[in-house]
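Take a look at the structure below.
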Amino acid sequence: YLRSLYGVTFGNNNFVGVGYYGKIVRSTDNGTTWSNSTSGITTDLNGVSFGNNTFVAVGDSGKIVRSTDNGSSWNNSTSGISSILYGVTFGNNTFVAVGQSGKILRSTDNASSFSIVSPYYTEASRGVTFGNNTFVGVSDAGRMGRSTNNGASFSSVYSNQS
C-alpha cells in the first residue's frame, strides 16, 4: 500500500522525501523516478533538510536519522527527547529541529548529536527556516521565534496575525 510523505528537500543533485512509518524515498534524476531507502525506524518522519553534504530527517518520538551518502543509507542521531519533531533546517553549519511543546534542538556537529535549546514558546513549533543569518520558527497560536546566534537561543516574537 502507499505510504504518506510529509517532507521533501534537495541536495547534491538528489531529492529526498520522508514520511509515514520511517519511509524515505530519493530521486537522482530530477524527480522522474524514485527509489526506496531504509531509515531503520518505524515512526513517522515529518521533515527533512540538507546541509554540509548531510541529509537529516526528524520525526515522531524524537527520532532523527541522517545520511552522508546522498540518501542511500541512514543512521540514527541522538535527540535526547521523546517528543514529536515536526521540522528541521540548516544554516551557518547548524541544524535546528523543532517540535511538540516548543521543543528546539540544535546540532553543530553535522547532525551526529543534538542539544536541547530553551523554547521561545510552549506550544508546538511546526516549522523552522534560515535566512540572513537568522533562524525563524513558527508555532501554534500564531507565535514565532527567532535566533540570531546560530540557534543557541531563541526569542519570542508574536506574529500579530488574526
- Message: If packing is taken as the average number of other Cβ atoms within 10 Å across a peptide's residues, how do 43-52, 106-115, 28-37 rank, most packed first?
- Response: 43-52, 106-115, 28-37
- Task: Would you work out which of Trp34, Val88, Phe15 lies farthest towards the positive end of the dipole of the chain, given +1 charges on the beta-carbon of Lys and Arg and -1 on that of Asp and Glu, about the Cα centre?
- Result: Val88
- Item | For the stretch 31-162, with +1 on Lys and Arg beta carbons and -1 on Asp and Glu, the positive-most of Leu45, Tyr158, Thr108 along the dipole | Tyr158
- Please work out, to two decimal places, the log10 of the ratio I(q)/I(0) at q = 0.08 Å⁻¹ from a Debye calculation in which every Cα of the chain carries one identical scatterer. -0.21
- Task: Go through 18-24, 98-104, 78-84 and give me the packing order, highest mean Cβ count within 10 Å leading.
- Result: 98-104, 18-24, 78-84
- Task: Could you size up the charge dipole of the chain around its Cα centre, putting +1 on the beta carbon of Lys and Arg and -1 on that of Asp and Glu, and report it in debye to the nearest 20?
- Result: 100 debye
- Message: For Cα pairs less than 8 Å apart in space and 6+ apart in sequence, what is the mean separation divided by the residue count of the chain, i.e. the relative contact order in percent?
- Response: 13 percent
- Query: Taking 0.36 nm per residue of separation and subtracting the Cα-Cα distance, what length does fully extending Asn93 through Glu123 add?
  - Reply: 8.1 nm
- State the answer as a single residue: which of Ser77, Thr129, Tyr6 lies farthest towards the positive end of the charge dipole of the chain, with beta carbon charges of +1 for Lys and Arg and -1 for Asp and Glu, about the Cα centre. Thr129
- Query: When only Cα pairs under 8 Å and 6 or more residues apart are kept, what is the percent relative contact order across the stretch 54-142?
  - Reply: 22 percent
- Message: What whole-number distance in Å separates the alpha-carbon centres of the stretch 112-162 and the stretch 38-65?
- Response: 19 Å
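Rule-based calculations on the coordinates, nothing more; no lab input. These numbers come from a predicted model, not from an experiment. Positions of Cβ are backbone-derived with ideal geometry, glycine not excepted, and every protein chain shown enters the neighbour counts.
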